[in-house]
Structures are given as C-alpha cells and as structure tokens.
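Novice: Below: one structure in structure tokens.
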Amino acid sequence: MKKIGVYPGTFDPITNGHLDVIKRALKIFDELIVAVAISSYKKKPIFNIQERINFIEESTKELDNLKIEAFDGLLVKFVKQKGAVAIVRGLRAVSDYEFELQLAHANRRLFKDIETVFLMPSEEYSFLSSSLVKEIAYFGGSVRTLVPPIVEKALKQKFQK
Ligand code: COA
C-alpha cells in the first residue's frame, strides 16, 4: 500500500527551508502532499492561497511523487480524507519543539492513528522562517539565497515602494 505523508503549513511564502524538508520527506514516503492552509486561526497571510500554491508548484517542478493541495478546517480531517499515514513537520531548533509537541499531541487526540514525523532541515536554513524572509524583503534586503526565484520576484513586487 502506498505510504502517503502530508506536510502542512501556511507557506506564506515557501522558503528554501521548506523545500529542504519536502525533499527529505520524499525519501521516506511514496507520495507527499504539501497541504497549504487556506486560512489560519492565528495568521493573516500576505499572499492568497492561489499565489502560495503557485509558488510551491513552480519551485518543485522537478520533483516526482509530490502533490500540492489547499486545505481548510482541521488538518486531521484532510489527512483522513487522503488516507495518509503521517504528518510531516520541520524542526529547526529547540524553540520549535514545545509548539510542535502540542500540535502533534492535539492531532493525535483528534485522530489516534496518525503519526507525526519530524525532519530537521539543513543547518543553513535552521534560522529561516517565512516571517523573517518577509521582514528582510520589506526593508529592501536580499532574500535571493533564502527563497526560490519566483518568491524573490513576488516579494520584490509586493514591497516595491
Ligand atoms: N524552513 C523555513 N521555515 C520553516 C520551516 C523550515 N524548514 N519549518 C517551519 N518554518 C516556519 C514557517 O514558515 C512558519 O514561519 P512563520 O511563523 O514566520 O510564518 C513557522 O515556522 C511555523 O509556523 P506555524 O504557524 O507553526 O505552522 P505553519 O504555518 O507551518 O502551519 C498549520 C500550521 C497550518 C499546520 C496548523 O495551524 C494547522 O494544522 N492548522 C489547521 C487547523 C487545525 O487542525 N488546528 C488544530 C491543530 S491541533
């Protein structure tokens, strides 16, 4: 049976750190679904869902066994619908751990058969986050080594003064 993993996030926007996690997860699962949260309880994305999906599609063209889909509502509902065996999350530093533990336990409480698999991105991306990238771009700094080219271009356009 095909082992499907789901890598959820807001991806506002996708960074090279996320791409690193996607490539690692593809070594483990037969198929990986990048699940892009349409709306979030906590966050107000600057890119709309179609833009965020488009950035991921453009940056992962060369990868096989990868799907990119939007989801709304509870993550476990989406995971069940897809018949996935695990949720994939990136762990960059100890500071991620507490929140990720909470998320993993909550998801398990909601769906006891789901596992969460944590992958460590390469250390060169361990400081990276979508907020940091947006902040650098907002103040006119270069994000060329941090995000795929399509995201760099979109950020430039968004924050052009
Ligand atoms: N490289 C770069 N950045 C990374 C990263 C990596 N490898 N791994 C994580 N990040 C960043 C993300 O970009 C994000 O940065 P930001 O805060 O600057 O935007 C941050 O780390 C993680 O954000 P977080 O909000 O924890 O997660 P998320 O945006 O990745 O997604 C969901 C959270 C969507 C998975 C979660 O809210 C969810 O499941 N929502 C659905 C509703 C639900 O089921 N809720 C109940 C859950 S118990």
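The values are calculated or read from the model by the stated rules, or taken from the named source; none is laboratory data. Not measured: the values here are computed from a predicted model. Counting neighbours? That spans all protein chains shown, and the Cβs are built from the backbone with ideal geometry, glycine included. Protein only, heavy atoms only, side chains kept; ligands, DNA and RNA dropped before computing areas. Shrake-Rupley method; radii C 1.70, N 1.55, O 1.52, S 1.80 Å.
Novice: Looking at E62, E31, which one is within 25 Å of V151 (Cα to Cα), away from the ligand (no atom under 11 Å from the Cβ), more than 14 Å from the chain's Cα centre (by Cα) and open to solvent by less than 40 Å² (accessible area, probe 1.4 Å)?
Specialist: Matching residue, one of E62, E31: E31.
Novice: Hey, can you tell me all the residues within segment 34-59 that are of a type in the set (S, T, N, Q), within 11 Å of the ligand (Cβ to nearest atom) and at pLDDT 95 or above?
Specialist: Listed by number, the list is empty, since nothing qualifies.
Novice: A further question on this structure: Can you name the residue in segment 80-92 that is near the ligand (Cβ under 10 Å from one of its atoms) and more than 17 Å from A37 (Cα to Cα) and, of all such residues, is surrounded by the fewest Cβ atoms within 10 Å (Cβ to Cβ)?
Specialist: Here the residue is L91.
Novice: Name, by its number, the condition in (1) open to solvent by less than 40 Å² (accessible area, probe 1.4 Å); (2) within 10 Å of the ligand (Cβ to nearest atom) that does not hold for A137.
Specialist: Checking A137 against (1) open to solvent by less than 40 Å² (accessible area, probe 1.4 Å); (2) within 10 Å of the ligand (Cβ to nearest atom), the one that fails is (2).
Novice: When you look at A70, is it part of a helix (DSSP H, G or I), more than 8 Å from the ligand (Cβ to nearest atom) and at pLDDT 95 or above, yes or no?
Specialist: no
Novice: Do you know which of the residues in segment 110-132 that are in a helix (DSSP H, G or I) and within 8 Å of the ligand (Cβ to nearest atom) is surrounded by the fewest Cβ atoms within 10 Å (Cβ to Cβ)?
Specialist: S131
Novice: Follow-up question, since we're still on this one. I need a count of the residues in segment 74-100 that are under 20 Å from S40 (Cα atoms) and of a type in the set (K, R).
Specialist: Selection size over segment 74-100: 3.
Novice: Sticking with this structure for a sec: Could you grab me the full set of residues in segment 15-52 that are of a type in the set (V, I, T) and touching a residue at least 40 places away in the same chain (Cβ under 8 Å)?
Specialist: T15, V21, I22, I28, I33, I46
Novice: Right, another one. Suppose we filter L146, L103 for residues that are within 13 Å of the ligand (Cβ to nearest atom), within 22 Å of K42 (Cα to Cα) and surrounded by 12 or more Cβ atoms within 10 Å (Cβ to Cβ); which single one remains?
Specialist: The unique qualifying residue is L103.
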